[in-house]
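Below is one structure, written out as structure tokens, with a few remarks after it.
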Amino acid sequence: MPPKADINKAGWEQSEFPILCETCLGDNAFVRMSKQEFGRSCGTCARPFTVFRWNPGTGMRYKTTVICQTCAKIKNVCQTCLLDLEYGLPTQVRDTALALQNEAPTSEVNREYYAQNMESKLEGSRSLVDSSRASSAGKEMLKQLARTDPYYKRNRPHVCSFFAKGECNRGSECPYRHEKPVENELSKQNIQDRYHGRNDPVANKIMNTHAKNMGLTPPEDQAITSIFLTTLPAAATEESIRTRVVQSLPSLDQSQLKSVVHVAKSRCAFVNFKDRVSAELAAAAWASGFEVDGQAVGVKWGRSRPAAKTKPVEVEA
């Protein structure tokens, strides 16, 4: 019985060729692929899909698709590395720059149902990501950060775990790299965070580096959790500023926004967050510019409050 005729396999995906970026495909023009229908479950929606496996080049490791084509089209990402196909960036960077809201469910209850519904909407469409309504500052940020050239070094074999323990006896015949593994924030990555654009260490590093290059280096005082906005439009209100802040930070929980203090006379405002991580995320997102009511405004870090002066205590003799 064909998969589509079986009610239990109605949501399973069949495809003839994967959706890949140039880096994952490799520099070999005559690449050979193996195809296995329903070879594994999708890393995001858990539906069985057609798995492709290939070697991108000499001395590289075999690569395979990890998510289905429906999930890849929803986010416009590669089926293997989950990076954006147009800009070569993590989804968290792209969604933050374009102020795109993540609508894909993260719980196991609704994600398969959501994927099946989106599959019907994607017929005849390449992707659901629409960047036409993005602000000019967000588009400029993506132009500066875009990775247009392929980075084939990413296809190298993984580090040999036995070599790290000093137990590998295969020498030059070992298909893995004989290097000491580097433990840092980039060594803790997973498919769910990369796809949904939340707490992605690679995205955080890219955005923080960009913010520093644009003059928004986080202050040393960790108690500073506010962003100072200047040259606001004359018609701006506290409500319009709050609405724009929430729209520009789709990956930030609204409860992390503590308050917005608008000083209409000076045409400035303080955006206060509950923690330092949220403030750094806002600074990184607004590094290339921030618009309120269609007008570009200045973005600076807040300053630490001066220490309160204590009165000397008089001691009677």
- line: In the stretch 144-274 the accessible area split gives carbon plus sulfur, as whole percent at 1.4 Å, a share of 50
message: Quick check on the stretch 158-317: take the gyration tensor over C-alpha atoms, sort the square-rooted eigenvalues as a ≥ b ≥ c, and tell me if it's rounded (a/c under 1.5), prolate or oblate.
response: oblate
message: List the pairs from 73/139; 63/180; 143/188; 143/212; 75/143 whose alpha-carbon separation is above 25 Å, in the order I gave them.
response: 143/188
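The values are calculated or read from the model by the stated rules, or taken from the named source; none is laboratory data. All figures in this text were calculated on a predicted structure; none of them were measured in a lab. What goes into the accessible areas is simple: the full protein's heavy atoms, side chains included, and nothing from ligands, DNA or RNA. Shrake-Rupley method; radii C 1.70, N 1.55, O 1.52, S 1.80 Å.
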